[in-house]
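Encoded as structure tokens, the structure appears first; notes follow it.
Where a number appears in this text, it was derived from the coordinates with a stated rule and is not lab data. Just so you know, these numbers come straight off a predicted model, no measurement behind them.
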Amino acid sequence: MWEHPSNSQVKQLKNKYKELYIQLEPIVNAWDPIGLIEGGAPKDEYDCISVQLISMLNKGRSQNDIYEFIIHELDDHFGMGIDSISSEYMERFIKKHKDFSANLVKWYTSQKI
């Protein structure tokens, strides 16, 4: 369903969505879905997710679509999918990403006002 963008595509999308990207990068980094930023990764570590999220939001994709994309991307690109989460942490994992999806849609909607 989703195709991971190449580095050149990420760069193009960052330029295309520059204003939104500048605002979204710190939001995504604070969410830090798998702890890479906390672990010292560069602040552009999640660019591949950020630019795709902006594109999806611009296309009017739903909160659930955003959540499904996140779960897919964490699994496909980062190898940290839902199947890698033990049952004791599953509820927290799902809630974290569903809450982020909802907050992201609210943030984007507030940008369009």
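So here's what we get for this one:
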{"quantity": "Isotropically averaged projected area of the chain, using the convex hull of Cα atoms (one quarter of hull area), nm²", "calculated": "7.0"}
{"quantity": "Given Lys14/Lys112; Lys18/Lys112; Lys14/Lys96; Lys18/Lys95; Lys18/Lys98, the pairs whose alpha carbons are separated by over 22 Å", "calculated": "Lys14/Lys96; Lys18/Lys95; Lys18/Lys98"}
{"quantity": "Helix axis angle, 87-111 relative to the chain longest principal axis, alpha carbon, degrees", "calculated": "10"}
{"quantity": "Ellipticity estimate at 222 nm from DSSP helix runs (n ≥ 4, -39,500 (n - 2.57)) divided over the chain, nearest 500", "calculated": "-21500 deg cm²/dmol"}
